[in-house]
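Novice: Sharing a structure, written as structure tokens. Questions coming.
The values are calculated or read from the model by the stated rules, or taken from the named source; none is laboratory data. Everything quoted here is computed from the prediction, not taken from an experiment. Positions of Cβ are generated from backbone atoms using ideal geometry, with glycine treated the same way; all protein chains shown enter the neighbour counts. To get the accessible areas, we keep the full protein, side chains included, count just its heavy atoms, and leave off ligands, DNA and RNA. Shrake-Rupley method; radii C 1.70, N 1.55, O 1.52, S 1.80 Å.
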Amino acid sequence: MATNVQVQLASRPTGWVQESNFRIVESPLPKPGPGQLLVKSLWLSLDPYMRGRMSDAKSYATPVQIGDVMVGGAVGEVVESNNPKFTPGDHLVGPFGWQLYAVSGGDGVMKVDPKLVPVSAYLGVAGMPGATAWTGLLEHCQPKAGETVVVSAASGAVGSVVGQLAKLQGCRAVGIAGGKTKCDYVVKQLGFDACVDYKAGNLDDALKAAAPDGIDCYFENVGGEVMDAAFRRLNPFSRVALCGLIAEYNLTEPYGMKMIRSVLVNRVNVRGFIVSDRQDLYVRAVTQLAKWVAQGKIKYNETVAEGLRAAPAAFIGMLKGANLGKQLVKLT
Ligand SMILES: NC(=O)c1ccc[n+]([C@@H]2O[C@H](COP(=O)([O-])OP(=O)(O)OC[C@H]3O[C@@H](n4cnc5c(N)ncnc54)[C@H](OP(=O)(O)O)[C@@H]3O)[C@@H](O)[C@H]2O)c1
């Protein structure tokens with residue numbers, strides 16, 4: 001008989017996450033009650049926001065409690081259903097957590113088409129990260145053809161979509177990423193116009209060369225010194241979509257915003273956003289992105305860890321930049 005395996009939060013990290021912050025437990029298969037369904041997860045998404053949920057600092061979402069299953073999106077298959085909206089064999093994306101099987105009431109789940117694109121893509125390019133790129137770029141930055149769009153963490157799940165959407169808008173797309181391999185991928189595979197390796201040591205000069213007309217739209221995934229460099233190149237009346245600050249998620253003290261003067265003198269519109277606030281855009285974004293992936297207009301890469309027990313190490317690796325594209329865990 002199948003058993004469930006779960007990754008639970010064992011303790012809250014101070015500074016960098018450690019594998020010891022997680023506990024892996026086996027438990028009997030859960031039984032769906034009236035109106036519920038049992039989902040067998042196939043792929044688990046590992047995302048930077050999970051670092052925030054491990055902490056009890058005040059944020060936009062409730063923290064995971066010690067002993068609870070780690071939160072996370074997964075794509076899975078319905079194996080048993082007491083809910084007329086779902087049938088065994090349906091493929092779903094939902095908040096099923098870091099575990100092999102989940103019972104769900106159907107809230108927050110979305111049926112996906114495994115024939116259109118591989119189901120794992122619904123966790124990345126055609127899922128929450130893709131919708132994040134769409135919301136931040138098209139709703140908040142609203143780039144016009146000919147403008148320069150710069151995105152940090154450019155080879156990652158969100159950043160890789162931002163740059164490709166910018167190209168579809170007729171913009172100059174410039175990435176910032178860590179290392180030559182990632183920068184080569186962004187330019188040669190994804191079609192960005194340029195990419196700056198922030199680890200190469202000449203960030204300001206390299207960004208000036210890559211964005212000679214300055215920055216009209218900056219999509220911020222990182223914070224820290226990368227943000228300082230981008231803010232130094234902002235044009236008057238430019239827009240910043242403040243999506244993430246991964247450079248400081250594992251710091252005990254925030255890095256802060258050193259170039260705030262640039263916001264003032266350039267009359268910059270800086271807008272923080274959380275993708276889940278725009279459910280109205282979500283379905284439209286992921287539906288269109290899945291079609292563009294199927295047509296080859298948007299490309300993506302996945303870094304895959306094998307098996308749920310590999311999730312803690314893969315999560316820590318992703319926070320340190322070991323992933324190229326979307327970080328996933330293959331569960332079966
Ligand atoms: N606002 C929202 O609703 C929302 C939704 C989804 C994601 N996000 C945010 O978007 C950002 C990207 O998420 P993702 O899922 O696409 O992750 P990702 O880019 O696929 O993976 C994280 C990447 O961050 C980069 N990174 C880590 N530490 C860094 C540092 N100190 N300086 C510069 N880069 C660093 C690494 O790339 P390099 O090797 O290039 O450094 C790493 O590969 C995160 O900040 C996340 O929190 C926000």
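Novice: Looking at Ala173, is it free of Cβ contacts under 8 Å to residues at least 40 places away in the same chain and more than 10 Å from the ligand (Cβ to nearest atom)?
Specialist: Here the answer is yes, as Ala173 does meet what is asked.
Novice: Among the residues of segment 211-220, are any out of contact with any Lys or Arg (no Cβ under 9 Å at 6 or more places or on another chain), open to solvent by less than 70 Å² (accessible area, probe 1.4 Å) and closer than 21 Å to Gly272 by Cβ?
Specialist: Within segment 211-220, one or more residues are out of contact with any Lys or Arg (no Cβ under 9 Å at 6 or more places or on another chain), open to solvent by less than 70 Å² (accessible area, probe 1.4 Å) and closer than 21 Å to Gly272 by Cβ.
Novice: Could you tell me how many of the residues in segment 280-303 are open to solvent by 60 Å² or more (accessible area, probe 1.4 Å) and within 15 Å of the ligand (Cβ to nearest atom)?
Specialist: Qualifying residue count for the region: 3.
Novice: For Asn250, which of the numbered conditions (1) part of a loop (DSSP other than H, G, I, E, B); (2) without any contact (Cβ under 8 Å) to a residue 24 or more places away in the chain fails to hold?
Specialist: Here Asn250 meets the rest and fails (2).
So that you can scan it fast, the table gives a plain yes or no per residue for (1) among the polar types (S, T, N, Q); (2) at pLDDT 95 or above:
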position: Asp90; (1), (2): no, yes
position: Ala102; (1), (2): no, yes
position: Asp107; (1), (2): no, no
position: Pro118; (1), (2): no, yes
position: Thr135; (1), (2): yes, yes
position: Val162; (1), (2): no, yes
position: Lys180; (1), (2): no, yes
position: Tyr185; (1), (2): no, yes
position: Lys188; (1), (2): no, yes
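Novice: Another question, if that's okay. Open to solvent by less than 50 Å² (accessible area, probe 1.4 Å) and among the charged types (D, E, K, R): does that describe Glu225?
Specialist: Values: open to solvent by less than 50 Å² (accessible area, probe 1.4 Å): no; among the charged types (D, E, K, R): yes.
It is false that Glu225 is open to solvent by less than 50 Å² (accessible area, probe 1.4 Å) and among the charged types (D, E, K, R).
Novice: Moving to a separate point now. Kindly evaluate Asp107 against the criterion of being on the phi < 0 side of the Ramachandran plot, out of contact with any strand residue (DSSP E or B) (no Cβ under 8 Å at 6 or more places or on another chain) and not in a strand (DSSP E or B).
Specialist: Judged against the criteria, Asp107 is a match.
Novice: Hey, could you check segment 235-258 for residues that are over 30 Å from Arg12 (Cα atoms) and open to solvent by 10 Å² or more (accessible area, probe 1.4 Å) and say which is farthest from the ligand (Cβ to nearest atom)?
Specialist: Only one residue fits best here, namely Pro236.
Novice: Follow-up. Among what's in segment 304-332 and is more than 27 Å from Ile176 (Cα to Cα) and assigned to a helix (DSSP H, G or I), pick the residue that is nearest to the ligand (Cβ to nearest atom).
Specialist: Start the filter on segment 304-332 by keeping residues that are more than 27 Å from Ile176 (Cα to Cα), which leaves 306-310, 330-332.
Now restrict to residues that are assigned to a helix (DSSP H, G or I): 308-310.
Details: Leu308: 19, Arg309: 21, Ala310: 17 Å.
It comes out as Ala310.
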